[in-house]
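A.B. asks: Below is a structure I'd like to ask you about.
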Amino acid sequence: MTTTFYTMKYIKVTLAAIAALIISQTLSAQVPLKIVIGGQDTVYNQKHTLVCITDPGNVAAINENQLKVYRTGAFGTEIDLRRGNNKIEITLFKGKNRRIETINVYYDPDAKKPVRPEPKITLEEAKAIMEKSQYKEELFYGLSLDGAYLQFGDGDDRLGGSKMGYVDSGIVFKVVASVGNLYKVQLSQNKFAYIPQEYLERTDERTSQVNTGSWSVSNLGKADRVRISLPKRLPYVSWTQLDPTTICIDIFGATNNSNWITQYRGLQMISYVDYRQVDSDVFRVILRLKHKYCWGYKIGYEGNNLVIDVRHTPGLSLNGLRVGLDAGHGGSALGAVSITGIREKDVNLDIVNMLKRALEAKGATVVLSRSGDYDISMSERKRIFNENKVHIALSIHNNAGGSPVNPMGSSTYYKHITNRDFAETMLERLLELGVPNFGLVGNFNFSLAAPTEYPVVLLELLFMSSIWDEDKLVDPDFQKKMVNNIVLGLEDYLEKVDASIEEPVVKKKKRR
Ligand SMILES: [Zn+2]
């Protein structure tokens, strides 16, 4: 597919034709060639990927097929191998200088792939690993600390265990076991969760089942506030649902004794509130929203009162909007590194800086999670966005993996279902740039996608690992178009939200 792709675009020139045009000299030193992928001598796959680097502007051919040399100097293709030895000829021209290199790739379809030997570990190391993952029954009580969050299970991957959500500090948890660096905590008779050990400190306090008190629902100006009085801080988890848009919060260890709910008039986001006693010790708070789009909410305690602030929709124009921009990685975290050595952290920051200028030109205020090349933790990035009360946020990354010679494309990621439309809107604008669709990804367990306080999506603009994608990423014209389309995506989303609100929160003229 690749070969066809390139040859369609760039006239296929045979070596003979090139040679006839130019009186060539073989001067290897003046025509650099580095084989980055595919230089090995024995392979087991019939399709062989060969990627090389030379100087940008040189003419390159592999087995007489002229290939595009990208502005990074990279070129490559997929070659169909025959059984046995395959002579592959790489030809380069730089002006009048020519260089020809031949490599031999032996294709052995019957040979088994060499099995990598299991890394040897000592008995002590094996014991330590066993101990680390061992399930140990415990029984004590712990108090949650700042930044604590709950996980569904003890599963783990590159993004960490799947998160239930963040919880406030000062909540007493009953610990029933430890697994690795997690504590298993009992939320209710039938429900358990896991919490990283660093977020719990031992306490003499105990958990106990308590009764809920009265509620109030009022408009605070920038948010609608639900306040539920409780005699002590209890664990909770929240989630959102669509059709109709609803925020649900389960409070564990609580039994309904709320005999009245005072609902003040003039609420902007909440249509009505309700509750269910879903288990004898699980109390569910239901907040039905007026509009399709939820602009975020924050849950925490004020004293022992559980407070849920449902944020009002901001003015639906970039002018006056506070936009959080996160350039992925930084400092010692390089992110993905391309075949020619370009680092994702640098590309992300360049795009973020361009995006910042474009958004500021539209009147937006931009909050950067990182403004230079330094290490910064996920929790620090989130703290910056929350402290600056961003209205919306984008995390900018570039992907890696897949084919190094084929176009790979764009993808967008969300965690909460209420951000799905936002992610899809952004993806549609990225695809307008003529890049492949790598997909819309939901339930994405990435730390920066987890906040509920504002809409946030992650953009994996292109692939660092594809020479086609990389060429686009370093093309100043393409960068401009990409930044422009990200701005258009944000505007599209604001318009969608605007159109969904029957009574606009901010009365204003339609932009179009
Ligand atoms: Zn990244």
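The values are calculated or read from the model by the stated rules, or taken from the named source; none is laboratory data. Please read these numbers as outputs of a predicted model, since none were measured by experiment. Note that each Cβ is placed from the backbone with ideal geometry, even for glycine, and that neighbours are counted across all protein chains shown.
A.B. asks: Out of the residues in the stretch 21-53 that are more than 15 Å from GLU101 (Cα to Cα) and either outside the structural domain of ASN65 (by TED's automatic domain parsing) or not β-branched (Val, Ile, Thr) (or both), which is modelled with the lowest pLDDT?
C.D. replies: This residue is LEU21.
A.B. asks: Restricting to the stretch 391-418, and then to whatever is among the aliphatic types (A, V, I, L, M) and within 15 Å of the ligand (Cβ to nearest atom), can you tell me which residue is surrounded by the fewest Cβ atoms within 10 Å (Cβ to Cβ)? Let's see the steps before the verdict.
C.D. replies: Of the stretch 391-418, the ones among the aliphatic types (A, V, I, L, M) are 392-394, 396, 400, 405, 408, 417.
From the residues that got through so far, the ones that are within 15 Å of the ligand (Cβ to nearest atom) too are 394, 396, 400, 408.
Numbers: LEU394: 24, ILE396: 22, ALA400: 18, MET408: 24.
Top of the filtered list is ALA400.
A.B. asks: Further question: Are there strands (runs of 3 or more DSSP E) fully within the stretch 147-249 with at least 2 residues that are outside the structural domain of ASP421 (by TED's automatic domain parsing) and surrounded by 14 or more Cβ atoms within 10 Å (Cβ to Cβ)? List them.
C.D. replies: On the way: elements: 149-151, 163-166, 172-179, 182-188, 191-196, 200-202, 215-219, 223-228, 236-241.
Filter on the stretch 147-249 gives 149-151, 163-166, 172-179, 182-188, 191-196, 215-219, 223-228, 236-241.
A.B. asks: Can THR49 be described as in a strand (DSSP E or B), closer than 18 Å to TRP468 by Cβ, touching a residue at least 24 places away in the same chain (Cβ under 8 Å) and under 36 Å from the mean Cα position of the chain (by Cα)?
C.D. replies: Working: in a strand (DSSP E or B): yes; closer than 18 Å to TRP468 by Cβ: yes; touching a residue at least 24 places away in the same chain (Cβ under 8 Å): yes; under 36 Å from the mean Cα position of the chain (by Cα): yes.
The answer is yes for THR49.
A.B. asks: Which residues, taken from the stretch 386-420, are farther than 20 Å from ASP326 by Cβ and under 16 Å from the mean Cα position of the chain (by Cα)? Can you show your working first?
C.D. replies: The initial filter retains those residues of the stretch 386-420 that are farther than 20 Å from ASP326 by Cβ, namely 401-409, 417.
Correct list: GLY401, GLY409, ILE417.
A.B. asks: Checking the conditions here, which among ASN85, ASN58 is in contact with a strand residue (DSSP E or B) (Cβ under 8 Å, 6 or more places away or on another chain) and in contact (Cβ under 8 Å) with a residue 24 or more places away in the chain? Outline the logic, then answer.
C.D. replies: Details: ASN85 fails: in contact (Cβ under 8 Å) with a residue 24 or more places away in the chain.
Residue meeting the stated conditions: ASN58.
A.B. asks: Looking for whichever is assigned to a strand (DSSP E or B) and within 16 Å of the ligand (Cβ to nearest atom) here; the options are LEU349, LEU306, LEU325, LEU287. Which one fits?
C.D. replies: On the way: LEU349 fails: assigned to a strand (DSSP E or B); LEU306 fails: within 16 Å of the ligand (Cβ to nearest atom); LEU287 fails: within 16 Å of the ligand (Cβ to nearest atom).
Going through LEU349, LEU306, LEU325, LEU287 in turn, just one is assigned to a strand (DSSP E or B) and within 16 Å of the ligand (Cβ to nearest atom): LEU325.
A.B. asks: Looking at GLY335, GLY331, GLY341, GLY253, which is the one that is free of Cβ contacts under 8 Å to residues at least 12 places away in the same chain and either small (Gly, Ala, Ser) or surrounded by 15 or more Cβ atoms within 10 Å (Cβ to Cβ) (or both)? Full working, then the answer.
C.D. replies: Details: GLY335 fails: free of Cβ contacts under 8 Å to residues at least 12 places away in the same chain; GLY331 fails: free of Cβ contacts under 8 Å to residues at least 12 places away in the same chain; GLY253 fails: free of Cβ contacts under 8 Å to residues at least 12 places away in the same chain.
Answer to the check: GLY341.
A.B. asks: Determine if the stretch 381-388 includes at least one residue that is free of Cβ contacts under 8 Å to residues at least 12 places away in the same chain and in a helix (DSSP H, G or I).
C.D. replies: Kept after step one, since they are free of Cβ contacts under 8 Å to residues at least 12 places away in the same chain, are these residues of the stretch 381-388: 383, 387.
In the following step, the residues that additionally are in a helix (DSSP H, G or I) were identified as 383, 387.
The answer is yes, given that some residue of the stretch 381-388 is free of Cβ contacts under 8 Å to residues at least 12 places away in the same chain and in a helix (DSSP H, G or I).
A.B. asks: Here is a list of conditions, (1) out of contact with any Leu (no Cβ under 9 Å at 6 or more places or on another chain); (2) of a type in the set (A, V, I, L, M); (3) over 15 Å from GLN40 (Cα atoms), and ILE100 meets all of them except one; can you say which number that is?
C.D. replies: (1) is the only condition that ILE100 fails.
A.B. asks: Here's another thing I want to ask about it. Would you confirm whether any residue within the stretch 471-491 is within 27 Å of GLY221 (Cα to Cα), buried (at least 16 other Cβ atoms within 10 Å of the Cβ) and modelled with pLDDT of 95 or more?
C.D. replies: Yes - at least one qualifying residue is present in the stretch 471-491.
A.B. asks: Report yes if some residue within the stretch 291-303 is modelled with pLDDT of 95 or more and exposed (fewer than 15 other Cβ atoms within 10 Å of the Cβ); otherwise report no.
C.D. replies: Yes, there is a match, as at least one residue in the stretch 291-303 is modelled with pLDDT of 95 or more and exposed (fewer than 15 other Cβ atoms within 10 Å of the Cβ).
A.B. asks: Continuing with the same structure: Looking only at the stretch 352-373, count every residue that is part of a loop (DSSP other than H, G, I, E, B) and either within 16 Å of the ligand (Cβ to nearest atom) or under 13 Å from ASN484 (Cα atoms) (or both) and tell me the total.
C.D. replies: Going residue by residue through the stretch 352-373, those that are part of a loop (DSSP other than H, G, I, E, B) are 362-364, 369-373.
With the extra rule that they be either within 16 Å of the ligand (Cβ to nearest atom) or under 13 Å from ASN484 (Cα atoms) (or both), the set shrinks to 362, 369-370, 373.
Summing the residues that are part of a loop (DSSP other than H, G, I, E, B) and either within 16 Å of the ligand (Cβ to nearest atom) or under 13 Å from ASN484 (Cα atoms) (or both) in the stretch 352-373 gives 4.
A.B. asks: Still on this structure: Being under 26 Å from the mean Cα position of the chain (by Cα) and either outside any loop (DSSP other than H, G, I, E, B) or in the same structural domain as TYR493 (by TED's automatic domain parsing) (or both) is the filter here, so list the residues in the stretch 290-303 that pass it.
C.D. replies: TYR297, LYS298, ILE299, GLY300
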